[in-house]
Amino acid sequence: MLANQRYAKAEAAAWMALLGNIGIAAIKGGIGMLGSKALLADACRSASDATAAFVSLAGLRRCRQLGAFEAPVPAVKGRTEGASGVFASILLMIMGLEIGISAIKSIADGVEDGPGWPAVTTVIIAFFIKEIFFPVKERRLDMYASIAAVVGTGVAALGEPLALPVLYYFDPAASLVIVVIVFANGYRIASMSVLKNQHIQEEPADINELKTAVQRIEGVVTVEELRAKEHGHYVIVDVVISVNPRITVLEGNEVARRVKYFLMRRFLHVTDVIVAVEPYDPGYPYKSNHDPNQEQMPTLMQ
């Protein structure tokens, strides 16, 4: 796949995440205004996901224009992109703070009614829509936020049919949990925005997981180098593998194709994989072309 095609594919995924999260945030916010603070906080979290997608899209477009991950960023353009991301993250954190203060006041003053079942339904449907149409790298904080929203709205909605007004407090309590997650996302987005490059290196644990997966693929002798650059929720992997030096170029390309196919199927957040193939060191355990005494030594064909 050509470089332009790779970046076009990543940009399409970022656009889908941006527009999808904006739509989900608008629906959650609209229904949350009817009486669910947890749903309002979750709308703010979806808006933070949209902001992360925006920062990711800006970085992808810049990388596409400059032609490389490590290409220097023009000063004015870099400052503009960074300021936009920081401003958006601060705005989201302010919104989250307002929702949190409102929830605390509700708890202090007493909650007289709970959210309706439309709020519960909205949370559940939005969760499945994201899982089906916007599959991203699993993040525990996002999962915790979804669970908090479902539990908060669901239990609070049971308050009226069960005649237990105390259950109404679950909704504002859940919103406080989600607000904390919104602040964590806002900080992460701001950090991404002020970096010199609009992408960050994957965590060592994630790198090791990717390396382990590649190492298990038939035909790969060793993983010489692996880098994974994250653009918001999406990752582009650059890997150098070594293969048996006695196989053909066609066979080496087939191993590279298997590596790319497997990683993109196994890790849904990986948008593209760039594989470079190198021959393994022709020393032991391979036969030497210059030592006739090693003619019967077995080769390592995988």
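The values are calculated or read from the model by the stated rules, or taken from the named source; none is laboratory data. Being a predicted model, the structure only gives us computed values, none of them experimental. Note that we place each Cβ from the backbone using ideal geometry, even for glycine, and neighbour counts take in every protein chain shown.
A quick yes/no check of all residues on (1) touching a Pro at 6+ places or on another chain (Cβ under 7 Å); (2) at pLDDT below 90; (3) among the basic types (Lys, Arg):
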site: 172; (1), (2), (3): no, no, no
site: 196; (1), (2), (3): no, yes, yes
site: 207; (1), (2), (3): no, yes, no
site: 213; (1), (2), (3): no, no, no
site: 220; (1), (2), (3): no, no, no
site: 223; (1), (2), (3): no, no, no
site: 229; (1), (2), (3): no, yes, yes
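Pick from region 5-23 the residues that are surrounded by fewer than 16 Cβ atoms within 10 Å (Cβ to Cβ) and of a type in the set (A, V, I, L, M): which of them is modelled with the highest pLDDT? Here the answer is 19. Selection of region 158-178 for residues being in contact with a helix residue (DSSP H, G or I) (Cβ under 7 Å, 6 or more places away or on another chain) and either more than 16 Å from residue 38 (Cβ to Cβ) or among the polar types (S, T, N, Q) (or both) yields only 175. Within region 24-35, restricting attention to residues that are touching a residue at least 40 places away in the same chain (Cβ under 8 Å) and aliphatic (A, V, I, L, M), the residue that is surrounded by the most Cβ atoms within 10 Å (Cβ to Cβ) is 24. Just so you know, in region 157-166 the residues that are under 15 Å from residue 119 (Cα atoms) and among the aliphatic types (A, V, I, L, M) include one that is surrounded by the most Cβ atoms within 10 Å (Cβ to Cβ), and it is 157.
Could we say that residue 139 is surrounded by fewer than 23 Cβ atoms within 10 Å (Cβ to Cβ), within 20 Å of residue 21 (Cβ to Cβ) and modelled with pLDDT under 80 here?
On the way: surrounded by fewer than 23 Cβ atoms within 10 Å (Cβ to Cβ): yes; within 20 Å of residue 21 (Cβ to Cβ): yes; modelled with pLDDT under 80: yes.
Yes: the conditions hold for residue 139.
Scanning region 24-68 for residues that are charged (D, E, K, R) and within 15 Å of residue 89 (Cβ to Cβ), we see that the one that is modelled with the lowest pLDDT is 49. Residue 117 passes every criterion in (1) over 23 Å from the mean Cα position of the chain (by Cα); (2) loosely packed, with under 15 Cβ neighbours inside 10 Å; (3) at pLDDT 90 or above apart from (3).
Against the numbered list (1) in contact with a Gly (Cβ under 7 Å, 6 or more places away or on another chain); (2) in contact (Cβ under 8 Å) with a residue 60 or more places away in the chain, residue 130 comes up short only at (1).
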